[in-house]
Amino acid sequence: MKYTLDKIADLLNLEDFSEVYSEADRIRKENVGDIVHIRAILEFSNYCRRKCKYCGLNCTNKNIKRYRMSSEEIISAAYEAAENGYKTIVLQSGEDAYYTPKILGEIVKNIKKSGIDITLSTGEMDYDSYAYLKECGADRYLLKHETAEESLYDYLHPCGTLEERIQCLKNIKKLGYETGGGFMIGLPNQTSETLAKDIMLLREIGCDMAGIGTFISHPSTALKDCPQGSTEITKRAVALTRIVMPEINLPATTSLGVIDIKEKNDVFSCGANVIMQKVTPSKYKFLYEIYPSKLSETDVKLQRINLENQIKSLNRIPL
Ligand code: SAH
């Protein structure tokens, strides 16, 4: 079947989606197998220079306490993750100029010695900075395009354009990073056509992974009164992305887990093959509030074991 924009938009609106879910699950199994990749995520700074209207970390939010982890703290948290079986660590932050490419590069080089793979998720940078961090040993880069609808993108992002965002993703791809894109479900004025465009943009960029997350409003942002996105539509978008891009890595995004833990299992049966687990030390974790969520204290060892067991109970293979 040829998946055009119209076709994808129609499928998203189907009354009964169960056949599409089965097809996505079959394609997942055939192309990426039963392994679920567990990625550690370390949120090392909540400072941000941007004003993204949906995000609790945006610099106009004066209601949060800001923190930065030192290089030593970041490196030691990454080693703890590696020692507890994680094969990848995602280093994420707001766009915080304090961490220059030089500083980040040293952190990357140090962590690489542990043997763990590194995904960076630190926002937009120029070509040379991405190139330098790649040289230092970063393996992957995660930068969601957020929405492929230009007018919506402009409204949500007073600090940047969709064109700049896409150029960053193309640079990341060109430099040989495993490239992660993604978008949110349930943004104001979003339509099925918008979501179809989002999925097609992932394909156009050639994304190797995609985080598709449900929008959850944050009380200290301009979108505080907007309703939460639909978890059902989120799962449908995950399934259709799997069908259109059979070999892509698709996380069961944390925003789904936040809403209903049981739904996470659902996402695994409709195309997802990745899960992220926070390893951010508790004293910082609660301050990294992109959207409100119920979090428990971090216990790297125990939470890794629990997650492995949950994955095994779904007859999937944790890695
Ligand atoms: N500063 C980095 C990464 C931090 S934000 C960057 O720009 O890439 C990580 C992701 O959280 C964003 O890409 C966005 O998709 C998601 N996010 C932000 N606010 C959200 C909200 N209110 N609900 C759901 N997801 C949100």
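Computed from the coordinates by the stated procedures, all read-outs in this text should not be read as laboratory data. The structure displayed is predicted, hence computed values, not measured ones. Cβ coordinates were reconstructed from backbone atoms using ideal geometry, including for glycine residues, and neighbour counts include every protein chain displayed.
List of remarks:
- A straight line joining the Cα centroids of region 229-245 and region 77-140 runs 29 Å.
- Estimated [θ] at 222 nm from DSSP helical runs (n ≥ 4, -39500 (n - 2.57)) normalised by residues in the chain, nearest 500: -13000 deg cm²/dmol
- The chain: Cys lacking any partner C-beta under 4.7 angstrom: 48, 59, 136, 159, 168, 207, 226, 270
- Taking a Cβ cut-off of under 13 Å around residue 287, the surrounding Lys, Arg, Asp and Glu residues balance to a net charge of +4, with basic ones at +1 and acidic ones at -1.
- GNM on the chain, alpha-carbon springs under 10 angstrom: the most fluctuating residue among 302, 120, 223 is 302.
- Proximity of backbone amide H atoms, modeled 1.01 Å from N, is registered between residue 88 and 40, 117 at under 5 Å, excluding neighbours fewer than 5 places apart on the same chain.
- When the alpha carbon gyration tensor of region 1-99 is reduced to an equivalent ellipsoid, its three semi-axes come out at 37, 24, 10 angstrom, largest first.
- The ranking of 234, 100 from fewest to most other beta carbons within 10 Å of each one's beta carbon is 100, 234.
- Stokes-Einstein translational diffusion, region 113-243 - Kirkwood Rh over all Cα pairs, 1.306 mPa s, 10 °C, in µm²/s: 102
- For the chain, the alpha carbon convex hull comes to 122 Å³ per residue, rounded to a whole number.
- Between 171, 309, 189, the Gaussian network model of the chain with springs among Cα atoms under 10 angstrom shows the greatest mean-square fluctuation at 189.
- Among beta bridges that DSSP assigns inside region 5-318, antiparallel share in %, nearest 5: 5
- Residue exposure proxy: 122, 298, 4, 241, ordered by other Cβ atoms within 10 angstrom of their Cβ from fewest to most, comes out as 4, 298, 122, 241.
- Projected label distance in nm at residue 100 and residue 6, using a 7 Å step from Cα toward the beta-carbon: 5.5
- Note on region 169-319: Cα-only Rg and Dmax are 16.0, 43 Å.
- Neighbourhood net charge (10 Å Cβ-Cβ; Lys/Arg +1, Asp/Glu -1) for residue 179: +2
- Among 178, 297, 232, residue whose mean-square fluctuation peaks in a GNM of the chain (springs only between Cα atoms under 10 Å): 297
- Computing FRET efficiency as 1/(1 + (r/R0)^6) for residue 317 and residue 139, where r is the C-beta to C-beta distance and R0 is 25 Å, gives about 0.70.
- Neighbour-count ranking [beta-carbon atoms within 10 angstrom, fewest first] of 133, 314, 11: 314, 11, 133
- Remark: for residue pairs 112/294; 65/224; 62/285; 65/278; 65/294; 53/173, the C-alpha separation exceeds 21 Å in 112/294; 53/173.
- Summed residue charge, Cβ within 9 Å of residue 50's Cβ, Lys/Arg positive, Asp/Glu negative: 0
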